[in-house]
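Quick notes on the structure that follows.
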Amino acid sequence: TLERVGEWEDSADRANDNLLLLFHGEGDTPAPFRKLFKAMTLPSTAGCAVRAPLPLPLGLEGSTWMPTFDASGGVLAEGSPEMVCGLSVACASVCRLIHELGAVWRPERIFLLGFAQGATVALHASLQSKHLLGGVVAVAGSINAPYLEQHLNVTPHSSLPPVRVLFLQGSRDEVLPLSAAKRKIALLKEVRSKYGIASDEIDLQIFDKGRGMIQSEGEMR
């Protein structure tokens, strides 16, 4: 299953007791994230850099998790039907993958890490999954507010999984400014509070940097 959806890497000690799924950003490929995982040297943890399913338009390299451009090449709004539908399909695919992986790993031993668009997919998949995962790390990415509202309205839940979430955000990110990231985190906390989930299940760590994936040893720890 994992080799079909991305690039697999055993843990350094071959124990593979835990699993980290990595989700790249728009226009990227799994390869750099597999390399990042190897650099993390996480004990007893295997990794799989998952491949986004959609090709970029105009023959551009890399792939994307959801449509981001309209037919004229303009950028789609966050709440556009195309983007919301694409995010729904991506999240359903990730949830099916998590369910399949449950035959090997207990859900609490499965962790998600995503960058930018990949972080959005990881976050929403963790909220939609029927399983309580070990945790989610969202780097330079956040929730899609219109999608979250629509999902909760169309598919009411008696509860949301209280998965722990860590946001890693650059203070000089021009694509997702820190102020916007904080507003979205506050919205997620508000939604989860309605289901009795404590706000301390969500953490935000800010780095003095622009937009980018975690790289240094300090950021990885």
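The values are calculated or read from the model by the stated rules, or taken from the named source; none is laboratory data. Keep in mind that this is a model prediction, so the values were computed, not measured. With ideal geometry, Cβ positions are generated from the backbone for all residues, glycine too; neighbour counts draw on all protein chains shown. Each accessible area value is taken on the protein alone, full model and side chains, heavy atoms only, with ligands, DNA and RNA left out. Shrake-Rupley method; radii C 1.70, N 1.55, O 1.52, S 1.80 Å.
Things to note:
- Under the span-like rule (Cα at least 15 Å along the axis, Kyte-Doolittle mean at least -0.5), DSSP H helices of the chain: 81-101, 117-128, 178-193
- Approximating the spin labels as points 7 Å out from Cα along Cα→Cβ, the ASP208-to-ALA103 distance works out to 5.1 nm.
- Put a plus charge on the Cβ of each Lys and Arg, a minus charge on the Cβ of each Asp and Glu, and nothing anywhere else: the dipole of the stretch 18-173 about its Cα centre is then about 700 debye.
- Cross-link pairs beyond the 29 Å C-alpha cut-off, checked among LYS189/LYS209; LYS130/LYS189; LYS38/LYS189; LYS184/LYS209; LYS35/LYS194; LYS38/LYS209: LYS38/LYS189; LYS35/LYS194
- Three-way shape call for the stretch 95-221 based on the alpha-carbon gyration tensor, with the a/c threshold at 1.5: oblate
- Distance from the stretch 4-83 to the stretch 166-221 (C-alpha centre basis), Å: 19 Å
- Global geometry of the chain, whether rounded, prolate or oblate, following the gyration tensor of its Cα atoms and the 1.5 cut on a/c: rounded
- Computed with a 1.4 Å probe over protein heavy atoms only, the accessible surface of the stretch 84-221 comes to 48 Å² per residue.
- Just the protein heavy atoms count here, and of the accessible area of the chain at 1.4 Å, carbon and sulfur take up 54 percent.
- Of the residues VAL175, VAL84, ranked by 1.4 Å probe accessible area with the largest first, the sequence reads VAL175, VAL84.
- Simple spin-label estimate for LEU60 and SER171 in nanometres, 7 Å along Cα-Cβ: 3.1 nm
- Inter-label distance for ASP70 and SER179, nm, one decimal - labels placed 7 Å from Cα along Cα-to-Cβ: 2.7 nm
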